[in-house]
Amino acid sequence: MLTQSIVMIDFETTGMSPDQGDRVTEVAAIRLRNGVIVDRYVSLINCQVRVSSFITQLTGITQTMVNQAPPVAKVMPELLAFIGDDFLAAHNASFDEKFLLAETARLGLPTRHKGLVCSVKLARRLRPGLPSYSLGPLAAHLGIRFNGKAHRAEADAEVAANLLLNLGVHLNEQHPKLEVTPSLFEKINKLSAAKVPAYLSDLQQSDGSVKIKRKKSAKEVMPVRFRHYKGGIYQLVCEATQESDLSPVIVYSAPDGSLWTRPRSVFFEMIEVNGQRMQRFTEI
């Protein structure tokens, strides 16, 4: 179960949104493989920000702890190296990913994780009808205990990692022919709760895997090249369709020859950098 690696991440922050100036104060990343925790990265983070008394009361993280922590310019490259190109997961994943993207963008660092899995959405779809899907109550309901203080990154990430494993075991028990992978978790995340039972039943009757395939009619468009907004040059290989949800993706190659895919909407989306609007990938 979960033979492919997935990294559960948790950030503690000074507030709810990087768009409002909030920054990270602590991170924990826990790698899962073959149904067990195999590695972890944990660090306090100094972003040169003030820690409010509310945050200290909630998390136990003090101004002194942050002031003495490694600088964000040291922690984020180490964190990205730890994550690599594995799938990323978090409990309420959009929150943690937006802080990851904000902090790495400040430093001009590219992220490489293959996809994102939200354990809140996954729990809602695989274990519907529970009274609460907040991490503490949900973990308690499933018999998962905290080994440290809640609202500290390592304790929260470890509980969320064990929650993800619990959901994987539950899915495997209900559908024993399925290959439980991060790709399958991501697909379930994207479905409405009402569609999940039928999807899993259909998948059970097939080969049990989630694949990405190219359109049969995909038009080869080499050698069109694009410049990423952070400066990298990439070559378009083709446009394709992700089999799991029929969404359009762009297949492109990096200078080292490695192949990558991005949703078409992300590849061509407009973003704001230093107050200027630009396209994420621009044709050159």
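The values are calculated or read from the model by the stated rules, or taken from the named source; none is laboratory data. All figures in this text were calculated on a predicted structure; none of them were measured in a lab. Glycine gets a Cβ as well: all are built from the backbone with ideal geometry, and neighbour counts include every protein chain shown.
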Residues of the range 131-154 being surrounded by fewer than 18 Cβ atoms within 10 Å (Cβ to Cβ) and part of a helix (DSSP H, G or I), which ones? GLY136, PRO137, ALA140, HIS141
Scanning the range 160-185 residue by residue, those hydrophobic (A, V, I, L, M, F, W, C), assigned to a helix (DSSP H, G or I) and more than 21 Å from LYS149 (Cβ to Cβ) turn out to be LEU165, LEU167, VAL169, LEU171, LEU184, PHE185
I need the full set of residues from the range 217-247 which are more than 22 Å from LEU101 (Cβ to Cβ) and either modelled with pLDDT of 75 or more or not in a loop (DSSP other than H, G, I, E, B) (or both), in order please. VAL224, ARG225, GLN235, LEU236, VAL237, CYS238, GLU239, ALA240, THR241
What do you reckon, is LYS195 basic (Lys, Arg), part of a loop (DSSP other than H, G, I, E, B) and surrounded by fewer than 18 Cβ atoms within 10 Å (Cβ to Cβ)? no
Which residue out of LEU44, LEU32 is touching a helix residue (DSSP H, G or I) at 6+ places or on another chain (Cβ under 7 Å), within 30 Å of PRO176 (Cβ to Cβ) and aliphatic (A, V, I, L, M)? LEU32
Which residues, counting only those in the range 59-74, are surrounded by fewer than 13 Cβ atoms within 10 Å (Cβ to Cβ) and under 12 Å from THR14 (Cβ atoms)? none
Can you name the condition, by its number, that ALA161 falls short on among (1) over 20 Å from the mean Cα position of the chain (by Cα); (2) touching a residue at least 12 places away in the same chain (Cβ under 8 Å)? (1)
For the range 253-284, enumerate the residues that are among the aromatic types (Phe, Trp, Tyr) and either outside any strand (DSSP E or B) or at pLDDT 85 or above (or both). PHE267, PHE268, PHE281
